[in-house]
Every structure is written in structure tokens, then in C-alpha cells.
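Let me begin by presenting the structure, written as C-alpha cells, before commenting on it.
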Amino acid sequence: MIPVGDYATQLVVGVGGRAGVSVAEVCALVEETLRGAGLSAGAVKALATVESKACEAGITGAAERFGVPLLSYPAEQLAGIAVPHPSDAVRDAAGTSSVAEAAALATGGELLVPKRRSVAATCAVATAQAHDLRHHGDAEVRGDGASLVDLAVNVRAHMPPAWLKQRIAASLGALSAYPDGRAARAAVADRHGLPVERVLLTAGAAEAFVLIARALDAQWPVVVHPQFTEPEAALRDAGHQVERVVLRAADGFRLDPAAVPEEADLVVVGNPTNPTSVLHPAATLAALARPGRILVVDEAFMDAVPGEREALAGRTDVPGLVVLRSLTKTWGLAGLRIGYVLAEPEVIAKLEAAQPLWPVSTPALVAAEACVTPEALAEAEAYARQIAVDRAHLLAGLTEFEEITVSGVAEGPFVLIRVPGAAEVRARLRNLGFAVRRGDTFPGLDDSWLRLAVRDRATTGRLLQALDHALALTAHAAGAGL
């Protein structure tokens, strides 16, 4: 079972069936599939199938029973749509390798639930249109961003610190030489108690996602959503068909390892997860490990969690584990691009072989070495504890608004909220001087979600005042029919 978030995105259900399939069987399969995925039949925009099945009484009758149109497509059109579970037998019989999956995807959306079967019917569920996987928080502050209080980007404010700037500035005299990452790599390895063969330095975690997509030859990749969208985007760019496990707000965005298909040979999950801020137990994530499976855990925000509890970085007892870390968030180095991968030596060797020469600049290497010293780690821990205090202040303020819901238990340096009219609230906040992150570009979320970065108490106080004003203006506009 693949649970899917309870959100308002419209859905298309692709259906197929043998000759003579009954309305009852098609409807029962569709209803069971939707129910098992945590979706409402009310979210279904249409049923879809191949033209040769468009007159099948069981399929037309099912569309009528659901009260939605039946879309039909020529077999040659569906044959051109890549599907995750193709079948030669279906291709020979219907002209497309999967009637249900191809028909569900024909409107240009994204597959939420792959093909499900009954005795004589098949169905699959997709969104009616695709999410913008390349939209990130920095887009919220481009242009006039200098005039906005930035709550859209999860990079620590007022960073990097003076001592780190000085270390980076001192490295500029060595720019005529090619970068030498040996010292930084050894420092990162020592920080996690690992041999250097288990460490790879990268130009931020984003480069690591590209390397994983290109170098590890996954056949059945699964991405757990809602989460940072770059892993899926990188996999798709590398030609992979990506399956999703989309967690439900009603469950607090908690992960059940049983939701991940047993056949998946690459699983990607964030911890704590962006944008939900949920911290999954280390034991839950370790339970995803399987022989022959690569388990990628994105711990880009783990150093913002006091004690880095639930971290898997440094573990060598979890087979196939790949942990990604970023130094750009806590230390304000997004413009410098520095992160690293921790994995088995064989995996590190494959990723390193896919890197270009000298992928990490000398200033970034100096920053990496500086940020893993005992003194820097102590500073990061103090910051993580302050984040917890500041986040509690933000959450307390948000409880004063009956319109706002916070789903899940926030443990990261950001909070995900649900609010009616969020798109308008976001626009009004912008007019009031605050940039916040839209949520509808994350699979599993719709336009009722916003992500707020945790800032100091004074900034949060001003945000809450602006939010009160924005909500009042939005309610007034709605009441006036504007």
C-alpha cells in the first residue's frame, strides 16, 4: 500500500479491463485503490482509458457512477508515455504497455499510485497536472528580495560567522593552485568516526543527488514525499521512472516502512524532512534497508536538531546506507556549495567516478574543514538548541490563529502550516515585507500549505503581527467576494 497525502489536488484514474468487465468490479477496484491511498473519490476529476476500451460497459458505467467524464486516448498516443510497470502482453493486446498507468499520466500529471489489479480490471492514479520540482525557496526572494524578511529559505540568518569568513578569505591566496580535498575529507571522516574511503565531498547536497541518479543504476527508485524535490528531479533528468510514497498529513507525515515497495532498489527520504519538519526515528529508517537496496537519507538539516538524535551518519551497520550532509544551512554557505556523502566504499567509488575533476573549490574545502572542528560542532549544537526555543515561540504564536493548522511535530529549523487561502495570504505577507515558501510545489501538498523558516523571537513577533493582518485582509476580501 502506498499512502498518499489527503490534499485537494485533482486526480485522474486510469482504468483498463478485460472484455465484459463489470461496473461493480471496476468501481470496487477504484474505490479500494483510492481508500488504500488515503484519497477521496471526490478528488477524482476523470477516468481515462485507451480508445479501444472506451465503449466497454464496465468502464463507461464506472465513470457514470463516479459522476466524472471518461477520457479516451489513441493507443499510439499512450504507447509514447513512459510507465513504471510496462507489460509486453498488454502492449500486444492493447497497443500500449500499460493502459491504466499511461491513461492516468496522459494529462501530464504525476503518478501517485501505480497499477493495481483485480480479476478483470486495472487502475492507476495520477495528479491532473505536475508539480514544479525545480521551484525552491530562493525563488521567493529574487528581485525585490533585499526588501523582504526572508522566511522562505532555510539557511541560517546572519551567517557565516566572522571566524568562518576569515578562514575562507585566507584561502583566496591559494586560488592559483588546483583544489586538494584530502585534508577536508580526512576531517569529515574523523568527525563521523569513519575511514576516508567512506566520505565524498560534493558541491552541496544537490550535486550528490545528481551523482546518485547517474551513477548507481537504480531500476526501481522510490522517493518519500513530501520532501525536498531535487532528488526526484535529478532521477527524472537521468531517465528514471520514479515511484512515490506520499505521507499523509492526517498521520502527522510519519513514515511506515511497510509503505515502501519491497522491490524498490533505491529509496530516498529526508530526516528531518523538508518541508514537513518531521524527524523520523533512526530505527524506522534503518528498517528500510534491504540487501541490494540503496537507502539514501538526506540529513541536510540534522545539525539543526539538538544532539543530532535519530542521525544515521556514521553508522556502518545499515547495509546500503547513503547519508547526505550539507554545510550550507547552518553555516550560511549556500553561495559556496559544500556538502558530503557518507556511504560504503564501493558506493563512494561509483559516485566519485561520476564527478568532474576538482568538483569542490578551495574556499569550500577550507570551510568544510573548519566546520567540523570540535569548536564548530559545539557552536552548531548551541545554535540547534536555540532553534528549538525559537521554534517553540513560533508554534505558540501560531496556535493563536484558529485558521492555521500545523501538521506533524516540527523538529527542524522550519514549520509547515496549512491555512485556507494560503496563496493569497502569502501574497499579502509579501506586501507586508515577509517572504514565505509556497507548499504546492511539493508532491503531497497543495496550495493550502506554507513553510516558514524559524527565526529569532523579535522577527517571529513581527511575522505573527503581519500574519494576523494578512489573514484579516484575506477574510475580508473573501467575504466581500473580491
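Below are the figures for this structure:
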read-out: Residue satisfying all of: in segment 248-260; at pLDDT 90 or above and part of a loop (DSSP other than H, G, I, E, B); surrounded by the most Cβ atoms within 10 Å (Cβ to Cβ) among these; value: 253
read-out: Unique residue being modelled with pLDDT under 95 and in a loop (DSSP other than H, G, I, E, B) when the list is 143, 173; value: 143
read-out: Residue match in segment 434-447 (condition: over 29 Å from the mean Cα position of the chain (by Cα) and either modelled with pLDDT of 90 or more or more than 17 Å from residue 391 (Cα to Cα) (or both)); value: no
read-out: Test set (1) modelled with pLDDT of 95 or more; (2) over 24 Å from the mean Cα position of the chain (by Cα) - residue 416 fails condition number; value: (2)
read-out: Some residue of segment 432-448 being without any contact (Cβ under 8 Å) to a residue 60 or more places away in the chain, in a helix (DSSP H, G or I) and surrounded by fewer than 23 Cβ atoms within 10 Å (Cβ to Cβ); value: no
read-out: Within segment 72-119, considering residues that are of a type in the set (Gly, Ala, Ser), surrounded by fewer than 19 Cβ atoms within 10 Å (Cβ to Cβ) and in a helix (DSSP H, G or I), the one nearest to the chain's Cα centre (by Cα); value: 79
read-out: The lone exception for residue 402 - which of (1) outside any helix (DSSP H, G or I); (2) crowded, with 18+ Cβ neighbours inside 10 Å; (3) without any contact (Cβ under 8 Å) to a residue 60 or more places away in the chain it fails; value: (2)
read-out: Subset of segment 356-366 (residues that are open to solvent by 30 Å² or more (accessible area, probe 1.4 Å) and over 24 Å from residue 381 (Cβ atoms)); value: 356, 357, 358, 359, 361
read-out: Residue check for residue 392: open to solvent by 50 Å² or more (accessible area, probe 1.4 Å), small (Gly, Ala, Ser), out of contact with any strand residue (DSSP E or B) (no Cβ under 7 Å at 6 or more places or on another chain) and within 22 Å of residue 280 (Cβ to Cβ); value: yes
read-out: Matching residues, segment 208-266, being touching a Pro at 6+ places or on another chain (Cβ under 8 Å), over 22 Å from residue 320 (Cβ atoms) and of a type outside the set (S, T, N, Q); value: 226, 246, 248, 251, 253
read-out: Any pair with Cβ under 8 angstrom, 6 or more apart, that starts in segment 43-67 at a residue that is among the aromatic types (Phe, Trp, Tyr) and ends at one that is crowded, with 16+ Cβ neighbours inside 10 Å; value: 66/27; 66/30; 66/41; 66/44; 66/47
read-out: Segment 337-354: number of residues that are surrounded by fewer than 24 Cβ atoms within 10 Å (Cβ to Cβ) and either over 19 Å from residue 304 (Cα atoms) or of a type in the set (Asp, Glu) (or both); value: 11
read-out: Enumeration of residues in segment 85-101 that are over 20 Å from residue 221 (Cα atoms) and touching an Asp or Glu at 6+ places or on another chain (Cβ under 9 Å); value: 95, 96
read-out: Top-ranked residue in segment 22-43 [being of a type in the set (Ser, Thr, Tyr) and within 24 Å of residue 243 (Cβ to Cβ); ranked as most open to solvent (accessible area, probe 1.4 Å)]; value: 40
read-out: Test: residue in segment 309-330 that is over 19 Å from residue 183 (Cα atoms), open to solvent by 50 Å² or more (accessible area, probe 1.4 Å) and under 18 Å from the mean Cα position of the chain (by Cα); value: yes
read-out: Hits in segment 250-298 (condition: under 19 Å from residue 415 (Cβ atoms) and touching a Lys or Arg at 6+ places or on another chain (Cβ under 7 Å)); value: 275, 278
read-out: Test: residue in segment 52-62 that is assigned to a helix (DSSP H, G or I), of a type in the set (Gly, Ala, Ser), buried (at least 19 other Cβ atoms within 10 Å of the Cβ) and in contact with a strand residue (DSSP E or B) (Cβ under 6 Å, 6 or more places away or on another chain); value: yes
read-out: Flag for residue 429 being crowded, with 23+ Cβ neighbours inside 10 Å, of a type in the set (A, V, I, L, M), in contact with a helix residue (DSSP H, G or I) (Cβ under 8 Å, 6 or more places away or on another chain) and not in a loop (DSSP other than H, G, I, E, B); value: yes
read-out: Candidate set: segment 265-302, residues that are within 23 Å of residue 450 (Cβ to Cβ) and of a type in the set (A, V, I, L, M); chosen: the one surrounded by the fewest Cβ atoms within 10 Å (Cβ to Cβ); value: 279
read-out: Matching residues, segment 212-241, being touching a residue at least 60 places away in the same chain (Cβ under 8 Å), in contact with a helix residue (DSSP H, G or I) (Cβ under 6 Å, 6 or more places away or on another chain) and open to solvent by 10 Å² or more (accessible area, probe 1.4 Å); value: 214, 215, 230
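Table: residues versus (1) of a type in the set (S, T, N, Q); (2) out of contact with any Asp or Glu (no Cβ under 6 Å at 6 or more places or on another chain); (3) within 30 Å of residue 175 (Cβ to Cβ); (4) assigned to a helix (DSSP H, G or I).
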| position | (1), (2), (3), (4) |
| --- | --- |
| 316 | yes, yes, no, no |
| 341 | no, yes, yes, no |
| 365 | no, yes, yes, yes |
| 370 | no, yes, yes, yes |
| 382 | no, yes, no, yes |
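The values are calculated or read from the model by the stated rules, or taken from the named source; none is laboratory data. Note that the structure is a prediction, hence the values are computed from the model and not measured. Here Cβ is always computed from backbone atoms with ideal geometry, including for glycine, and neighbour counts include all displayed protein chains. SASA here: full protein model, heavy atoms, side chains in, ligands and nucleic acids out. Shrake-Rupley method; radii C 1.70, N 1.55, O 1.52, S 1.80 Å.
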